[in-house]
Each structure stands twice: as C-alpha cells, then as structure tokens.
Amino acid sequence: MTTSSKQPVVLTLDAGGTNFVFSALQGSSELAEALVLPSNADQLDKCLGNIVSGFEQMIEKIGQKPDAISFAFPGPADYSLGVIGDLPNFPSFRGGVPLGPILGKHFKLPVFINNDGDLYAYGEALMGYLPGLNRTLGEKGSVKTFRNLIGITLGTGFGAGIVLDKYLLRGDNSCGAEIHNAINKYNPLWNAEEGVSTRAIQRVYAEAGGTSFDGDLMPVDISAIANGEKPGSQSAAVEAYRQYGENLGSSIADILTFVDGIVVLGGGIVAAWDLFSPAMFRELRRNIYNFKGQVSSRLSYKVYNLEDQGIMDEFAKGRGVNLPIPGTDETVAYDSLARVGVGFSKLGASKAISLGSYAYAEQQLG
C-alpha cells in the first residue's frame, strides 16, 4: 500500500500482558513514533485508563481525528461485539468487558477488535508475505498464484489465523483458527501448545538434561546453548528444539489437511528456525500407513521450504504442460505439481499485526 490522502487514518494497538504499544497508520506508513504504556493487566481501571490515554496521546501526536481504531487483543472474546472475556494474561478481565463499546463511545469512532493471530495472518496475506511471494513467482515466470494463507505465531504460546482469498476467517464464535487446541503429538492428553510454546522448550530442555524446570531460562538462552554460544547441555537444547519442530510440524500438517495455502511463521521463536525447521519439515513430509501397511504421503501436496532459495526455481516452475484439446489447435496449460510452502515473516509479527489491523479497518470502512 502507498500513502494517499484518500486512505483512512487508523489508530492501532499491540496489546501485551506487560506493555501496550500504540501506533497511527495511513496505508503502510506510520504517522508518528509508537507510544508504549504499561498494561496494568491486573487492575482493570488502570488498564482501561491506559488504553484510552494511549489513543488520546496518539491523536494529539498526529494532530487530526482518525477514521477508526483497530487493534488486536487476546481471546477469548466476541470480537464482533468488541467484548473481551476472561484472559489468562489480563487477570482483571473477568466476566466480559465491553472494550469496543467503551472506546467507541469515548472517541465517537468505529472500533474494530480482532485476535492477534488473525490480524497477523491478515497483515501477511494482504501486505506482507503472500504478495511478496507472488511477486517473486511472477518474476520467475510462474503462472501459479497463491491466494490463501495460514499465519502462525510462535512465542509464549501458539496462535494462528487463516485468510482465504483476502477473506479473514473469524468463525461464529471468534474462534477461526484455535490451533493451540489441536492434539499434542507426544501426549494426546495435552493440547498442541504444551509442545509448541516457551514452556515446552523449557520443559524438554530440563527433561533431556536431567535438571529441574527453570522458567527463567528463555528460548533465546536455550538456542544459544544449542549453538554452543552459551554454557549448558547442548544435546538437551538441541532435543528441545527438535521436539518443538516435530510438534509444530504435526499441527501444521493437521491444518493443511483443511486449508490449502501458504504457511508463514512469525514471532520471537522464529529466530531459531535453523534449530526447529528440519524436524518440522520431516514431520510435514513423513509417510503414513493404512491397516494393510500400504504407504501414502502425510499430505496431499508437496511441502517446500520457502527459505531455501535453491529450490525456489523448482517451486515456481512446477510441472507445467500444455494439454491439447482434441479436434482443435488449442491447448490447456496444466500444472500437475500440487504444492504449498512454509516460510517465515519478513515484517515481524508486531508489524504484520499492525498492518493487519489497518487492512481490516480499511475493509470495514469500505
């Protein structure tokens, strides 16, 4: 998107359990430096007060009334109503808080609230990874265009969003892509997030190294240990990321059986791509068997590592042939290689969420 006076001005918010980060966007351009305020997640009055104050300060910074407020907030929630439910990281939110109506009445503006995983996917689908990939494919002469995207966030927890041909899948209960509640491959009594989260890396590192669980040892520390850059059990650190990648691959495979599209990963743990992605791709590409022992592929299409530039030509080219139409001089261009790919965000999750918030507001405003 390019900045134009005809494009709406939208205030956005990246809502974390520790801090709120406020921005003002017009198109893909920030109109002022971001503002950071504490979330005060355990005190509802202070939390709501800082949300209102943050938006007020951003309006003062840009010197004009915006067209809308649009931002991500954790679930559970009824995002269509702007009502936020009981949140683990915001203990003061209990029994339903009508955050959207509160802001709408105060600012007299349209207010749009969505799940952060949904808006991350929306930003990557409309203004980030997907258009960038399609440009690259076009430059390589590919006739194939990808329209669907699964955005997955990797950090403290495990989130996702789905965009189908520019349409954000929200769901009837604001639960369009609750990937964290998929079944955990290693323990079917656990959900997927117990294998794809900060605590999962910490837990496996402790188990594999024969030490007690250390919640202060963060994934960045364990990745440094795995790479030999920090003292600790290197084998345990490598195993922690191997299990993380295998669990992640299992959940991605589950969602790819229903949604045929590109997968883009974002969030802090993506920095350890080289540690977890080999196991992830092995899981995505593994075989499965029926009761007779007959083998088939886990998925209906070939899965490519889109960060491997050495195979991008193959991914772009596919297996195209021109099929003759009998009785005519015409042909039909046919690509028999069914394929999807997995890559990681170039925007970063926070930027993608902001752009997704903007794009959603722009769509709703018409």
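Data overview
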{"item": "Candidate values [x] 31, 58, 11, 0; [y] 25, 39, 27, 9, 0; [z] 27, 54, 18, 1, label of the one derived for P(r) over Cα pairs in 20 Å bins from 0, in percent", "result": "[z]"}
{"item": "Other-chain or far-sequence residues with amide H under 5 Å of R339's (modelled H)", "result": "K302"}
{"item": "Across K46/K105; K292/K317; K185/K351, pairs whose alpha-carbon gap is larger than 24 Å", "result": "K292/K317; K185/K351"}
{"item": "Alpha carbon centroid spacing (whole Å) that separates region 32-90 from region 201-249", "result": "35"}
{"item": "Signed unit charges on C-beta, dipole axis of the chain, positive-most listed residue L154, G132, A279", "result": "G132"}
{"item": "Anchor K65: aspartates and glutamates whose Cα lies under 13 Å away (excluding residues fewer than 8 positions away in-chain)", "result": "E56"}
{"item": "Trypsin sites (Lys or Arg not before Pro), loop per DSSP, at most 15 other Cβ atoms within 10 Å - longest free stretch of the chain", "result": "167-285"}
{"item": "Computed over region 73-177, Cα set: Rg, Dmax in Å", "result": "16.6, 54"}
{"item": "Fully extended contour minus Cα-Cα distance, from R94 to F291, at 0.36 nm per residue", "result": "66.1 nm"}
{"item": "Exposed-site-free run, longest, the chain (rule: GluC sites (Glu not before Pro); DSSP loop; at most 12 other C-beta within 10 Å)", "result": "34-228"}
{"item": "Per-residue [θ]222 nm for the chain (sum of -39500 (n - 2.57) over DSSP H runs n ≥ 4, rounded to 500)", "result": "-11500 deg cm²/dmol"}
{"item": "Size of electric dipole in the chain: Cβ of Lys, Arg +1 and of Asp, Glu -1, about Cα centre, debye, nearest 20", "result": "560"}
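Read the figures in this text as sums done on the coordinates, not as results from a lab. Since this is a predicted model, take the numbers as computed values, not measurements. Neighbour counts are summed over all protein chains in view; Cβ atoms, including those assigned to glycine, are modelled from backbone coordinates with ideal geometry.
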